[in-house]
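**Student:** Below you'll find the structure I mean.
The values are calculated or read from the model by the stated rules, or taken from the named source; none is laboratory data. These numbers come from a predicted model, not from an experiment. Positions of Cβ are backbone-derived with ideal geometry, glycine not excepted, and every protein chain shown enters the neighbour counts. When the accessible area is computed, the model is the full protein with side chains, heavy atoms only, and any ligands, DNA or RNA have been set aside. Shrake-Rupley method; radii C 1.70, N 1.55, O 1.52, S 1.80 Å.
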Amino acid sequence: MTNAQGNGLQAALTGLEPAGFWARFGTLTTIARPSRAEEPVIEHVRTWAAERGFELRQDAARNLVIRVPATPGREDAPVVTLQGHLDMVCERDPASPNDPAEGRIALVRDGEWLTADGTTLGADDGVAIAAMMALADDPSLPHGPLELLMTVAEEVGLEGANALDGALVTGSILVNLDSEEDGRLTVGCAGSTDTWVRVELERAEADAGAVVLAVTAGGGLGGHSGTNIHLGRSNAIKVLGRALREASAAVPFRLVSLDGGKSRNAIPRDATAVVSVAAGREGDLRTAVETATTRIRDAYSKTDPGVNVTIAAGDAQTDPWTEAATATALDAIALVPTGPLALSPDFEGLIETSTSLGEAVTDGDRLTLHSLSRSSNDSALPEVIGTLDAAARSAGGTLEVKHNYGGWRPNLDSPALAAARTAYERLFGEEPIVTAVHAGLESAVIGDKVPGLDLISFGPQIEAPHSPDERVSIPTVERFWKLTVAFVDELSRPKASA
C-alpha cells in the first residue's frame with residue numbers, strides 16, 4: 001500500500017462504525033483479488049488465521065474454511081457457517097490510474113455512500129470477508145462454533161462453490177453474506193441449466209448479382225437474464241429473427257450468418273445477420289424489414305422503446321445458406337423460447353422459472369443458439385429442456401445440456417429464518433422482507449453439496465456492482481453488521497431449562 005493510498009483509506013473511513021469492520025474492509029481494498037487469481041488475499045487470510053490460532057483448511061479449488069471456537073458458554077450451540085467469496089470483479093475506467101486487479105482502489109466517501117475512484121469498489125463481496133474477520137476478531141461478541149467459508153472465483157460462474165469439497169463444511173446452518181438489498185432476508189434462488197441448440201445448415205453458391213446486406217437489431221435495454229427477465233425487455237436475437245422471418249414471407253433472401261449476444265446470463269442487446277438478396281429485390285427487402293420493425297417497436301413501446309432494426313451494406317465471407325436452410329434457421333430462432341415461464345407460489349410477483357436465449361453464433365455451416373434456463377423448482381426445468389429439445393429436433397439439429405446447479409427452494413419454516421426474523425425485529429423494530437431471487441447464489445450450489453443445510457442470505461445495500469459506479473450504503477453496512485452479530489448470538493443462546 002502506498003502512502004497516498006493509506007491516507008485516502010484513512011480519510012474515507014474516518015469515524016465510520018463499526019470500526020473493526022471498516023478497518024478490515026479498507027485493508028481488503030489494497031489487496032489484489034481478481035477471479036482465478038486470489039492468491040494475495042488467500043495469503044492475507046492465512047496469515048490472519050495463523051496469528052489467532054484458528055484452524056484453516058483449503059480444498060483443491062483453493063476455497064478456505066476457518067474454524068473459530070465458540071465464546072465461553074456457547075460451546076454446545078450448533079455450528080454456523082458464514083460464507084462469502086474472496087474474488088471481485090475488477091473493472092476500471094480506461095483513464096483511471098487505479099486498478100483493483102493490482103490492489104489499487106481509491107476509496108471515496110460521498111455522503112452516506114462509499115464508492116471508488118474510477119473502479120469497482122469490491123463491496124461485492126468484500127463486505128462478507130470483512131464481516132467474518134471482524135466478528136472473529138472481537139471476543140466480546142457471543143457466538144457458538146463458527147466456520148468461515150471463503151470461496152474463490154464466484155464472479156466467473158460460481159467456480160469455487162461448484163468445485164467445493166463438501167466435507168469441509170460441518171455446519172448445520174449456512175449464512176450467505178452476498179445479498180445486495182438492505183432489509184431483505186433471502187431464502188431461495190434459482191438453479192440453472194445451459195443448453196445449446198446446434199443446427200448444421202446447407203450452403204450453396206450465391207445467386208449471380210446478389211446484394212449483401214447487414215441487418216442489425218439493437219437499441220434495447222438488455223440487462224440480467226434472471227433479475228430483469230420479468231421486465232418485458234426485447235431480446236435482440238429474437239427481434240432480429242422475427243423481423244427477418246416476417247420479411248421472408250414477402251421477399252426471398254438467404255442468410256449468410258447470424259450472430260448476437262455477448263454473455264449467457266445477459267439479455268442480448270445487439271444481433272446482426274448478413275443476408276444475400278437478389279439485386280432487384282433489395283428495396284423490397286428493406287421495405288419488408290421496416291414494416292416488421294414498426295410492429296416490433298410497437299410491441300415494445302412501453303417496456304423497451306429504444307429497440308430498432310437497421311439495414312446497411314454488408315460483406316459476405318462465405319456462401320449463403322440455401323433458402324430452405326435459411327427458413328430452418330429462422331424457424332429455430334422463433335421456436336426457442338425466451339422470457340418468464342412461471343411465477344413463484346411463495347412470493348407475489350417473483351419469477352420461479354424462465355429461459356433466455358443469450359447467444360447466437362455462426363461457425364462454418366453451423367448455427368448455435370445458447371440459452372440459460374433458471375428455476376427455483378428443479379422439477380420445472382425438464383419441461384423447459386424438453387421444449388428446447390423439440391426446437392432442436394424440428395430444425396434437424398441436436399441439443400447439448402449442461403446442468404449447473406439446483407435451485408434453492410424456499411423453506412418458510414426454516415429455523416435459520418426464524419432466528420433471523422427474531423434478531424431483525426429486536427434490532428430494528430420492524431419485520432424484514434422475506435424473499436427469493438431469480439438468479440444464482442452460491443448457497444444453492446453449496447446446499448447441493450452438503451445436504452440438509454439450513455440456508456439464508458442477507459447483506460447491505462450495494463448498487464451497480466461489477467461496474468466503476470459500484471457503491472455501498474454506509475448506514476446499511478452498520479445494519480448488516482448488527483444483524484450478523486445478533487443472528488449468531490440468537491442461534492447460540494443456551495436453551496432455557498424446562
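**Student:** Taking the stretch 352-367, which residues are open to solvent by 20 Å² or more (accessible area, probe 1.4 Å) and either on the phi > 0 side of the Ramachandran plot or touching a residue at least 24 places away in the same chain (Cβ under 8 Å) (or both)? Break it down stepwise before answering.
**Tutor:** Here is the first cut: in the stretch 352-367, the residues open to solvent by 20 Å² or more (accessible area, probe 1.4 Å) are 352, 359, 361-366.
Of everything in the stretch 352-367, those that are open to solvent by 20 Å² or more (accessible area, probe 1.4 Å) and either on the phi > 0 side of the Ramachandran plot or touching a residue at least 24 places away in the same chain (Cβ under 8 Å) (or both) turn out to be Glu352, Glu359, Val361, Thr362, Gly364, Asp365, Arg366.
**Student:** Take the stretch 384-417 and flag every residue that is surrounded by 14 or more Cβ atoms within 10 Å (Cβ to Cβ), in a helix (DSSP H, G or I) and either free of Cβ contacts under 8 Å to residues at least 40 places away in the same chain or not hydroxyl-bearing (Ser, Thr, Tyr) (or both).
**Tutor:** Val384, Ile385, Leu388, Asp389, Ala391, Ala392, Pro415, Ala416, Leu417
**Student:** Taking the options Arg297, Arg281, Arg286, name whichever one is part of a helix (DSSP H, G or I) and either over 16 Å from Ala210 (Cβ atoms) or of a type in the set (S, T, N, Q) (or both).
**Tutor:** Values: Arg281 fails: either over 16 Å from Ala210 (Cβ atoms) or of a type in the set (S, T, N, Q) (or both); Arg286 fails: either over 16 Å from Ala210 (Cβ atoms) or of a type in the set (S, T, N, Q) (or both).
Exactly one residue qualifies, and that residue is Arg297.
**Student:** Go through (1) touching a Ser or Thr at 6+ places or on another chain (Cβ under 6 Å); (2) open to solvent by 40 Å² or more (accessible area, probe 1.4 Å); (3) among the basic types (Lys, Arg) for Arg374 and report which single condition fails.
**Tutor:** Result: Arg374 fails condition (2) only.
**Student:** Now for a separate question. Could you list, in sequence order, all residues of the stretch 264-316 that are open to solvent by less than 60 Å² (accessible area, probe 1.4 Å), without any contact (Cβ under 8 Å) to a residue 60 or more places away in the chain and within 27 Å of the chain's Cα centre (by Cα)?
**Tutor:** Thr272
**Student:** Here's another thing I want to ask about it. Name the pairs: first residue in the stretch 431-450 and closer than 13 Å to Glu180 by Cα, second residue modelled with pLDDT under 90 and of a type in the set (D, E, K, R), Cβ to Cβ under 9 Å, at least 6 apart or on different chains?
**Tutor:** Note: pairs meeting the criteria are Ala436/Asp346; Ala436/Arg409.
**Student:** Working only within the stretch 403-439, note down all residues that are charged (D, E, K, R) and over 24 Å from the mean Cα position of the chain (by Cα).
**Tutor:** Filtering the stretch 403-439 for residues charged (D, E, K, R) gives 409, 413, 421, 425-426, 430-431.
Listed by number, the residues that qualify are Asp413, Arg421, Glu425, Arg426, Glu430, Glu431.
**Student:** Oh, and also: Among what's in the stretch 317-335 and is in contact with a Lys or Arg (Cβ under 9 Å, 6 or more places away or on another chain) and open to solvent by 40 Å² or more (accessible area, probe 1.4 Å), pick the residue that is nearest to Gly218 (Cα to Cα).
**Tutor:** Initially, the stretch 317-335 is screened for residues in contact with a Lys or Arg (Cβ under 9 Å, 6 or more places away or on another chain), giving 318-323, 325-327, 330-331, 333-334.
Filter again for open to solvent by 40 Å² or more (accessible area, probe 1.4 Å), leaving 318-319, 323, 327, 331, 334.
Values: Thr318: 24, Asp319: 25, Glu323: 25, Ala327: 22, Asp331: 21, Ala334: 18 Å.
In this case the residue turns out to be Ala334.
**Student:** Counting just the residues of the stretch 451-460 that are in contact (Cβ under 8 Å) with a residue 60 or more places away in the chain and assigned to a loop (DSSP other than H, G, I, E, B), which one comes out surrounded by the most Cβ atoms within 10 Å (Cβ to Cβ)? Quick ask: steps written out before the conclusion?
**Tutor:** As a first pass, look at the stretch 451-460 and keep what is in contact (Cβ under 8 Å) with a residue 60 or more places away in the chain: 452-460.
After this cut, where a residue has to be assigned to a loop (DSSP other than H, G, I, E, B) as well, the list is 452-453, 458-460.
On the way: Gly452: 6, Leu453: 19, Phe458: 25, Gly459: 27, Pro460: 24.
Among those residues, the one meeting the criterion is Gly459.
**Student:** Then there's this: Which of the residues that make up the stretch 157-170 are crowded, with 23+ Cβ neighbours inside 10 Å and either part of a loop (DSSP other than H, G, I, E, B) or without any contact (Cβ under 8 Å) to a residue 60 or more places away in the chain (or both)?
**Tutor:** First, pick out the residues of the stretch 157-170 that are crowded, with 23+ Cβ neighbours inside 10 Å: 160-161, 164.
Residue satisfying the conditions is Leu164 alone.
**Student:** Suppose we filter the stretch 47-65 for residues that are open to solvent by 50 Å² or more (accessible area, probe 1.4 Å) and under 23 Å from Leu141 (Cβ atoms); how many remain?
**Tutor:** Of the residues in that region, 6 qualify.
**Student:** Also, quick follow-up: Within 20 Å of Leu367 (Cα to Cα), in a loop (DSSP other than H, G, I, E, B) and touching a Lys or Arg at 6+ places or on another chain (Cβ under 9 Å): which single residue out of Arg269, Arg264, Arg242 fits that description? Show your work before the answer.
**Tutor:** On the way: Arg264 fails: touching a Lys or Arg at 6+ places or on another chain (Cβ under 9 Å); Arg242 fails: in a loop (DSSP other than H, G, I, E, B).
The unique qualifying residue is Arg269.
**Student:** Kindly provide the set of residues from the stretch 461-490 that are in contact with a strand residue (DSSP E or B) (Cβ under 7 Å, 6 or more places away or on another chain), of a type in the set (A, V, I, L, M, F, W, C) and either open to solvent by 30 Å² or more (accessible area, probe 1.4 Å) or modelled with pLDDT under 95 (or both), ordered by number.
**Tutor:** Passing the criteria: Ile462, Ala464.
**Student:** Where the second residue is in a helix (DSSP H, G or I) and aromatic (Phe, Trp, Tyr) and the first is under 13 Å from Arg426 (Cα atoms) and lies in the stretch 465-489, which pairs have Cβ atoms under 9 Å and are six or more apart or on separate chains?
**Tutor:** Close Cβ pairs (under 9 Å, with a partner that is in a helix (DSSP H, G or I) and aromatic (Phe, Trp, Tyr)) amount to Arg479/Phe428; Lys482/Phe428; Leu483/Tyr424; Leu483/Phe428; Ala486/Tyr424; Phe487/Tyr424.
**Student:** List the strands (runs of 3 or more DSSP E) that sit entirely inside the stretch 68-155 and contain at least 1 residues that are touching a residue at least 24 places away in the same chain (Cβ under 8 Å) and surrounded by fewer than 19 Cβ atoms within 10 Å (Cβ to Cβ).
**Tutor:** Details: elements: 80-85, 107-110, 113-116, 146-151.
Answer list for the stretch 68-155: 107-110, 113-116.
**Student:** Would you confirm whether or not the stretch 253-263 contains a residue that is among the aromatic types (Phe, Trp, Tyr), touching a residue at least 24 places away in the same chain (Cβ under 8 Å) and open to solvent by 20 Å² or more (accessible area, probe 1.4 Å)? Steps first, please.
**Tutor:** Residues of the stretch 253-263 among the aromatic types (Phe, Trp, Tyr): 253.
Filter once more, keeping what is touching a residue at least 24 places away in the same chain (Cβ under 8 Å): 253.
Right, trim to open to solvent by 20 Å² or more (accessible area, probe 1.4 Å) and you get none.
Within the stretch 253-263 (the criterion being among the aromatic types (Phe, Trp, Tyr), touching a residue at least 24 places away in the same chain (Cβ under 8 Å) and open to solvent by 20 Å² or more (accessible area, probe 1.4 Å)), the answer is no, since none of the residues qualifies.
**Student:** Just checking, how many residues over the stretch 172-211 are open to solvent by 10 Å² or more (accessible area, probe 1.4 Å) and closer than 26 Å to Leu453 by Cα?
**Tutor:** Of the residues in the stretch 172-211, 9 are open to solvent by 10 Å² or more (accessible area, probe 1.4 Å) and closer than 26 Å to Leu453 by Cα.
**Student:** Hey, another quick one. Could you please let me know if Leu343 is out of contact with any His (no Cβ under 6 Å at 6 or more places or on another chain) and crowded, with 17+ Cβ neighbours inside 10 Å? Can you show your working first?
**Tutor:** Values: out of contact with any His (no Cβ under 6 Å at 6 or more places or on another chain): yes; crowded, with 17+ Cβ neighbours inside 10 Å: no.
When the stated conditions are applied, Leu343 does not pass them.
**Student:** Taking only pairs six or more apart or across chains, which ones have beta-carbon atoms under 7 Å, a first residue in the stretch 219-239 that is surrounded by 24 or more Cβ atoms within 10 Å (Cβ to Cβ), and a second residue that is of a type in the set (Lys, Arg) and modelled with pLDDT under 95?
**Tutor:** Ala236/Arg269
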